[in-house]
Amino acid sequence: MADLIVQDKIPGVAVYGVEQYSYTVDGASGKDYAAALAAASFKEAVAVERALTAYTAVVRQRERKLEDLGGVLAVLNKAHSTMKTKDQERGDKSDADDRLVSAKNTAAKYGITISLTDGNKITRGNTMTAQNNVQYAMDREDNELKQDMVSLNSYITKRDNSYSTAAKFVKKYAGSADAVIRNFS
(Lines give C-alpha, C1' and ligand atoms only; values in the text may rest on other atoms or scores of the structure.)
Protein backbone atom coordinates (compact mmCIF):
# COMPACT_ATOMS: atom_id res chain seq x y z
CA MET A 1 0.00 0.00 0.00
CA ALA A 2 3.04 2.27 -0.12
CA ASP A 3 1.98 3.55 -3.54
CA LEU A 4 -1.66 3.93 -2.52
CA ILE A 5 -1.21 6.53 0.24
CA VAL A 6 1.60 9.06 0.56
CA GLN A 7 1.79 11.43 3.54
CA ASP A 8 2.56 15.03 2.47
CA LYS A 9 3.73 17.51 5.14
CA ILE A 10 2.05 20.89 4.82
CA PRO A 11 4.97 23.32 5.14
CA GLY A 12 4.61 26.05 7.76
CA VAL A 13 1.27 24.79 9.13
CA ALA A 14 0.96 23.55 12.70
CA VAL A 15 -1.91 23.41 15.15
CA TYR A 16 -0.79 23.73 18.78
CA GLY A 17 2.70 22.72 17.64
CA VAL A 18 1.54 19.62 15.79
CA GLU A 19 2.60 19.52 12.15
CA GLN A 20 -0.25 19.07 9.70
CA TYR A 21 -0.37 16.72 6.75
CA SER A 22 -2.37 16.16 3.62
CA TYR A 23 -2.35 12.89 1.71
CA THR A 24 -1.90 11.75 -1.83
CA VAL A 25 -4.40 8.95 -2.20
CA ASP A 26 -4.11 6.73 -5.25
CA GLY A 27 -2.39 9.55 -7.18
CA ALA A 28 -4.78 12.37 -6.13
CA SER A 29 -3.12 14.94 -3.88
CA GLY A 30 -4.67 17.17 -1.22
CA LYS A 31 -6.83 14.48 0.37
CA ASP A 32 -7.58 14.27 4.08
CA TYR A 33 -6.96 11.49 6.59
CA ALA A 34 -10.45 10.02 6.20
CA ALA A 35 -9.95 9.69 2.45
CA ALA A 36 -6.62 7.93 3.03
CA LEU A 37 -8.11 5.45 5.52
CA ALA A 38 -11.19 4.82 3.39
CA ALA A 39 -9.05 4.26 0.29
CA ALA A 40 -6.89 1.72 2.12
CA SER A 41 -9.94 -0.11 3.45
CA PHE A 42 -11.68 -0.10 0.09
CA LYS A 43 -8.50 -1.33 -1.62
CA GLU A 44 -8.42 -4.26 0.80
CA ALA A 45 -12.10 -4.96 0.13
CA VAL A 46 -11.48 -5.01 -3.62
CA ALA A 47 -8.56 -7.43 -3.20
CA VAL A 48 -10.72 -9.73 -1.11
CA GLU A 49 -13.51 -9.44 -3.67
CA ARG A 50 -11.14 -10.71 -6.39
CA ALA A 51 -10.24 -13.75 -4.29
CA LEU A 52 -13.92 -14.25 -3.56
CA THR A 53 -14.67 -14.37 -7.28
CA ALA A 54 -12.07 -17.11 -7.79
CA TYR A 55 -13.44 -19.16 -4.89
CA THR A 56 -16.96 -18.79 -6.21
CA ALA A 57 -15.86 -20.26 -9.55
CA VAL A 58 -14.23 -23.22 -7.78
CA VAL A 59 -17.38 -23.85 -5.74
CA ARG A 60 -19.52 -23.79 -8.89
CA GLN A 61 -17.21 -26.29 -10.60
CA ARG A 62 -17.39 -28.62 -7.60
CA GLU A 63 -21.17 -28.36 -7.52
CA ARG A 64 -21.30 -29.18 -11.23
CA LYS A 65 -19.07 -32.21 -10.72
CA LEU A 66 -21.28 -33.47 -7.90
CA GLU A 67 -24.35 -33.00 -10.07
CA ASP A 68 -22.74 -34.89 -12.97
CA LEU A 69 -21.58 -37.74 -10.75
CA GLY A 70 -25.02 -37.93 -9.16
CA GLY A 71 -26.47 -38.42 -12.64
CA VAL A 72 -23.94 -41.16 -13.36
CA LEU A 73 -24.84 -42.91 -10.11
CA ALA A 74 -28.54 -42.72 -10.96
CA VAL A 75 -27.94 -44.39 -14.35
CA LEU A 76 -25.86 -47.11 -12.70
CA ASN A 77 -28.57 -47.73 -10.11
CA LYS A 78 -31.20 -47.95 -12.86
CA ALA A 79 -29.05 -50.44 -14.78
CA HIS A 80 -28.54 -52.48 -11.62
CA SER A 81 -32.28 -52.63 -11.05
CA THR A 82 -32.81 -54.32 -14.45
CA MET A 83 -30.67 -57.33 -13.49
CA LYS A 84 -32.19 -60.59 -12.31
CA THR A 85 -32.79 -60.79 -8.58
CA LYS A 86 -32.67 -64.56 -8.17
CA ASP A 87 -29.35 -66.47 -8.27
CA GLN A 88 -27.30 -63.30 -8.63
CA GLU A 89 -23.89 -63.60 -10.28
CA ARG A 90 -21.21 -61.02 -11.03
CA GLY A 91 -21.58 -61.68 -14.75
CA ASP A 92 -25.30 -60.85 -14.89
CA LYS A 93 -25.97 -58.11 -17.48
CA SER A 94 -28.29 -55.14 -17.37
CA ASP A 95 -30.81 -54.29 -20.03
CA ALA A 96 -29.44 -52.29 -22.97
CA ASP A 97 -29.46 -48.58 -22.18
CA ASP A 98 -27.79 -45.80 -24.18
CA ARG A 99 -27.64 -43.66 -21.02
CA LEU A 100 -24.89 -46.02 -19.82
CA VAL A 101 -22.64 -44.82 -22.66
CA SER A 102 -23.30 -41.20 -21.69
CA ALA A 103 -22.67 -42.03 -18.01
CA LYS A 104 -19.41 -43.74 -18.95
CA ASN A 105 -18.26 -40.64 -20.86
CA THR A 106 -19.24 -38.31 -18.02
CA ALA A 107 -17.43 -40.49 -15.46
CA ALA A 108 -14.34 -40.60 -17.68
CA LYS A 109 -14.30 -36.79 -17.66
CA TYR A 110 -13.66 -37.03 -13.90
CA GLY A 111 -11.17 -39.90 -14.07
CA ILE A 112 -13.58 -42.75 -13.28
CA THR A 113 -13.62 -45.81 -15.52
CA ILE A 114 -16.85 -47.68 -16.21
CA SER A 115 -16.58 -50.93 -18.19
CA LEU A 116 -19.53 -51.72 -20.46
CA THR A 117 -20.30 -54.92 -22.36
CA ASP A 118 -22.12 -55.32 -25.65
CA GLY A 119 -21.86 -51.56 -26.24
CA ASN A 120 -24.59 -50.38 -23.88
CA LYS A 121 -24.90 -53.00 -21.11
CA ILE A 122 -23.03 -53.48 -17.86
CA THR A 123 -22.37 -56.51 -15.69
CA ARG A 124 -23.34 -56.75 -12.03
CA GLY A 125 -19.68 -56.81 -10.97
CA ASN A 126 -18.81 -53.75 -13.07
CA THR A 127 -21.92 -51.97 -11.79
CA MET A 128 -20.96 -52.53 -8.17
CA THR A 129 -17.37 -51.42 -8.81
CA ALA A 130 -18.49 -48.32 -10.70
CA GLN A 131 -21.08 -47.44 -8.04
CA ASN A 132 -18.41 -47.63 -5.33
CA ASN A 133 -15.95 -45.54 -7.36
CA VAL A 134 -18.53 -42.88 -8.18
CA GLN A 135 -19.78 -42.74 -4.59
CA TYR A 136 -16.21 -42.41 -3.30
CA ALA A 137 -15.52 -39.58 -5.77
CA MET A 138 -18.74 -37.85 -4.72
CA ASP A 139 -17.90 -38.15 -1.02
CA ARG A 140 -14.40 -36.76 -1.59
CA GLU A 141 -15.75 -33.90 -3.72
CA ASP A 142 -18.44 -33.14 -1.15
CA ASN A 143 -15.81 -32.86 1.59
CA GLU A 144 -13.70 -30.53 -0.53
CA LEU A 145 -16.80 -28.50 -1.40
CA LYS A 146 -17.56 -28.07 2.30
CA GLN A 147 -14.02 -26.86 2.93
CA ASP A 148 -14.28 -24.42 0.03
CA MET A 149 -17.60 -23.16 1.36
CA VAL A 150 -15.94 -22.41 4.71
CA SER A 151 -13.17 -20.51 2.90
CA LEU A 152 -15.74 -18.69 0.78
CA ASN A 153 -17.64 -17.69 3.90
CA SER A 154 -14.39 -16.45 5.44
CA TYR A 155 -13.66 -14.29 2.40
CA ILE A 156 -17.18 -12.87 2.48
CA THR A 157 -16.68 -11.95 6.14
CA LYS A 158 -13.31 -10.33 5.38
CA ARG A 159 -14.81 -8.33 2.53
CA ASP A 160 -17.72 -7.18 4.66
CA ASN A 161 -15.36 -6.23 7.49
CA SER A 162 -13.24 -4.18 5.08
CA TYR A 163 -16.26 -2.18 3.92
CA SER A 164 -17.44 -1.79 7.51
CA THR A 165 -14.00 -0.60 8.61
CA ALA A 166 -13.93 2.00 5.83
CA ALA A 167 -17.34 3.28 6.85
CA LYS A 168 -16.32 3.44 10.53
CA PHE A 169 -13.14 5.39 9.69
CA VAL A 170 -15.04 7.94 7.66
CA LYS A 171 -17.77 8.29 10.29
CA LYS A 172 -15.27 8.55 13.17
CA TYR A 173 -13.12 11.07 11.34
CA ALA A 174 -16.14 13.17 10.44
CA GLY A 175 -17.25 13.08 14.10
CA SER A 176 -13.76 14.12 15.25
CA ALA A 177 -13.68 16.98 12.77
CA ASP A 178 -17.09 18.19 14.00
CA ALA A 179 -15.88 18.05 17.62
CA VAL A 180 -12.75 20.05 16.80
CA ILE A 181 -14.79 22.70 14.98
CA ARG A 182 -17.26 22.91 17.91
CA ASN A 183 -14.34 23.37 20.32
CA PHE A 184 -13.06 26.34 18.30
CA SER A 185 -16.53 27.94 18.20
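The values are calculated or read from the model by the stated rules, or taken from the named source; none is laboratory data. Remember, it's a predicted structure, so these values are computed and weren't measured experimentally. Ideal geometry is used to build each Cβ from the backbone, glycine not excepted, and the neighbour counts take in all protein chains shown. Accessible surface areas use protein heavy atoms only, side chains included; no ligands, DNA or RNA. Shrake-Rupley method; radii C 1.70, N 1.55, O 1.52, S 1.80 Å.
General remarks:
- Within the stretch 96-109, if we keep just the residues that are open to solvent by 60 Å² or more (accessible area, probe 1.4 Å) and touching a helix residue (DSSP H, G or I) at 6+ places or on another chain (Cβ under 9 Å), the residue that is nearest to Ala137 (Cα to Cα) turns out to be Lys109.
- Test result for Asp139, in a helix (DSSP H, G or I), open to solvent by 60 Å² or more (accessible area, probe 1.4 Å) and within 30 Å of Arg90 (Cα to Cα): yes
- Taking first residues from the stretch 49-72 that are basic (Lys, Arg) and partners that are part of a helix (DSSP H, G or I) and open to solvent by 60 Å² or more (accessible area, probe 1.4 Å), the Cβ contacts under 8 Å between residues at least 6 apart in sequence or on separate chains come to Arg62/Glu144.
- Scanning the stretch 74-95 for residues that are in a loop (DSSP other than H, G, I, E, B) and either open to solvent by 90 Å² or more (accessible area, probe 1.4 Å) or not aliphatic (A, V, I, L, M) (or both) yields Thr82, Lys84, Thr85, Lys86, Asp87, Gln88, Glu89, Arg90, Gly91, Asp92, Ser94, Asp95.
- Of the set (1) free of Cβ contacts under 8 Å to residues at least 40 places away in the same chain; (2) over 20 Å from Lys43 (Cα atoms); (3) open to solvent by less than 60 Å² (accessible area, probe 1.4 Å), all apply to Asp178 but (3).
- Scanning the stretch 86-126 for residues that are β-branched (Val, Ile, Thr) and either farther than 24 Å from Arg64 by Cβ or free of Cβ contacts under 8 Å to residues at least 24 places away in the same chain (or both) yields a total of 5.
- Extreme residue, nearest to the chain's Cα centre (by Cα), among residues of the stretch 142-159 that are of a type in the set (S, T, N, Q) and open to solvent by 60 Å² or more (accessible area, probe 1.4 Å): Asn153
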